[in-house]
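Below: the structure, in structure tokens.
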Amino acid sequence: MDKMRKEGYLRYLKKGILMECVLVVAFAAIVMGKRGEILAENSSSANVLSIENDYIKWVDFTVSYEALCKAYDWDVKTHDSEHEINWVELLAYTAAKTGGDFGKDALKIMEKAAEKLSAGETTMAELTKELKYYAYYREAYDAAIGGLVGEYWEEDPEERAGYIKKYGLKGYFPLARGFDYNHYDDFGAGRSYGYKRRHLGHDMMGLVGTPIIAVESGVVTALGWNQYGGWRIGISSFDGKRYYYYAHLRQNYPYAEGLEEGSVVTAGDVIGYMGHTGYSAKENVNNIDVVHLHWGLQLIFDESQKEGNNEIWIDLYPLTRFLAKHTQAAMKVEGTKEWVRTNGIKDPAVEEYETGQEIQ
């Protein structure tokens, strides 16, 4: 009898333990489910942070090299077709779907959407009508890369007498074609000169005198010595959304001849030369050990973001790799230290800006 009671008690105990396990698993599933919802919400808004007073306060530009290439290819492929795809919109849609993640799954989402869009099976308006953060990503990505793709006229390399109309990447790689360099993703790394701070740009190591190329057409808004950047150039895009910063230029001969504040440059122009100036309050000093170009891209949605603690700088490593699709060759001007581009382009953005200046 005692044996039977004992066996019964053990069966009861096992059932009790089993029920507790089931309850624990169920509770864990509920908690993890809630956590998943929170993470999903956070991933959707992680790159948003805050949009107050009708302008964006922060952008975490996480678009991968692969995503840039795929979106760009779809844009070019469908240009002038019945169902054109805008690469900025395609990237913004993908980011809104994934919370800014651009891994393998995101690329599949992008590809599927592009196929439907190009076939006329859906529209971007239909795809994005329920996406809460699409408008944010659309504006943020347009600020970052909106001026890099479009129509332009390129000088005919054979005849040298006329220009050929083209559509595609009109932004350029920041170093002249054929010059050796190396780089890696160093955005956010620590810097200690002067004060502790994050590295808010992209370094490209090379040789002294390597010609520096204007990535996008714009207006020179800063030129001269900076204690941290040495000899540097700042170029603002015509729409005012992008500020390109090129620093640590060559000692004694940092800039292209004739360049000054207020100069209008066309994408692909030689604007200066690589060096290692900077880290000195005294001008024209080589206080940086490694020869390199530091180039940065600041996004501006409001005047208050131009200088100070509200500045927005983005990681340029993927974009630098992408721009390698479009390089500009340069040739030495005999008897000088000057280099110039080998073939010109006509950028409609330059003509529009200069026409507007004349009207004013």
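The values are calculated or read from the model by the stated rules, or taken from the named source; none is laboratory data. Keep in mind the model is a prediction, meaning the values are calculated, not measured. Here the Cβ is made from the backbone with ideal geometry for all residues, glycine too, and neighbour counts use every protein chain on show. Just so you know, the surface numbers come from the protein's heavy atoms only, side chains and all, with ligands and any DNA or RNA stripped out. Shrake-Rupley method; radii C 1.70, N 1.55, O 1.52, S 1.80 Å.
Of the chymotrypsin sites (Phe, Trp or Tyr not before Pro) found in the range 189-282, the ones in coil according to DSSP and having at most 10 other Cβ atoms within 10 Å of their Cβ are Y195.
Calculated accessible area for the range 87-234 comes out at 46 Å² per residue, all protein chains present (probe 1.4 Å; ligands, DNA, RNA ignored). Per-atom-type breakdown for the range 236-281 gives carbon and sulfur 42% of the accessible area (1.4 Å probe, protein chains only).
Once the mean of 1/r is taken over each pair of separate Cα atoms and inverted, the range 221-360 shows a Kirkwood hydrodynamic radius of 16.5 Å. Estimated at 0.36 nm per residue, the fully extended path between V340 and C69 surpasses their Cα-Cα distance by 94.7 nm.
When nucleic acids and ligands are ignored and a 1.4 Å probe is applied, E121 ends up with an accessible area of around 130 Å². With the simple model of a label 7 Å out from the Cα in the direction of the Cβ, E257 to M205 spans 3.3 nm. Rounded if a/c is under 1.5, else prolate if a/b is larger than b/c, else oblate: which is the range 302-360, with a ≥ b ≥ c the root eigenvalues of its Cα gyration tensor? Taking the square roots of the gyration eigenvalues as a ≥ b ≥ c, the range 302-360 is oblate.
Computed over protein heavy atoms with a 1.4 Å probe, the accessible surface of the range 238-360 works out to 48 Å² per residue. Using a cut-off of 22 Å between Cα atoms, the listed pairs K170/K306; K166/K346; K116/K241; K166/K332; K77/K112; K165/K241 include K170/K306; K116/K241; K166/K332; K165/K241 as exceeding that distance. Full extension of the chain between K165 and D302 gives 45.9 nm of extra length, using 0.36 nm per residue less the Cα-Cα distance.
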